[in-house]
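Undergrad: Questions regarding the structure given below will be posed in turn.
The values are calculated or read from the model by the stated rules, or taken from the named source; none is laboratory data. Since this is a predicted model, take the numbers as computed values, not measurements. Positions of Cβ are backbone-derived with ideal geometry, glycine not excepted, and every protein chain shown enters the neighbour counts. Please note that ligands, DNA and RNA were not included when accessible areas were found on the heavy atoms of the full protein model with its side chains. Shrake-Rupley method; radii C 1.70, N 1.55, O 1.52, S 1.80 Å.
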Amino acid sequence: MAHPALSVVHDDDPDADRATERIWTAATPALVQAIDDYHYENRFKNRSATVRHLIELGLDAAARRANGLT
């Protein structure tokens with residue numbers, strides 16, 4: 001059963017391995033401003049690309065920390 005706070009949508013893509021999932025979340029105004037500032041400072045195509053990049057950075061940092069690399 002899906003968590004009621006999360007909504008996952010599979011884009012219509014014939015290649016199922018490359019399907020995109022959307023994750024909806026809430027953020028404080030301060031967090032949105034920080035994301036937007038990072039977006040403009042780093043010239044990302046759009047806010048979604050910025051959020052994906054920041055998530056990837058965070059996951060990479062968490063993995064490095066878990067492996068004792070940081």
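Undergrad: What number of residues in the stretch 19-70 are assigned to a loop (DSSP other than H, G, I, E, B) and either among the aliphatic types (A, V, I, L, M) or open to solvent by 100 Å² or more (accessible area, probe 1.4 Å) (or both)? Steps first, answer last, please.
TA: At the first step, the residues of the stretch 19-70 found to be assigned to a loop (DSSP other than H, G, I, E, B) are 19-20, 24-28, 42-46, 67-70.
This time we only want the ones that are either among the aliphatic types (A, V, I, L, M) or open to solvent by 100 Å² or more (accessible area, probe 1.4 Å) (or both), so: 19, 24-27, 43, 45, 67, 69-70.
Of the residues in that region, 10 qualify.
Undergrad: Hey, another quick one. With the requirement that a residue be charged (D, E, K, R) and without any contact (Cβ under 8 Å) to a residue 12 or more places away in the chain, what does the stretch 40-70 give you? I'd like the intermediate steps shown before the answer.
TA: If we filter the stretch 40-70 for residues that are charged (D, E, K, R), which is where we start, we get 41, 43, 45, 47, 52, 56, 60, 64-65.
Residues satisfying the conditions are GLU41, ARG43, LYS45, ARG52, GLU56, ASP60, ARG64, ARG65.
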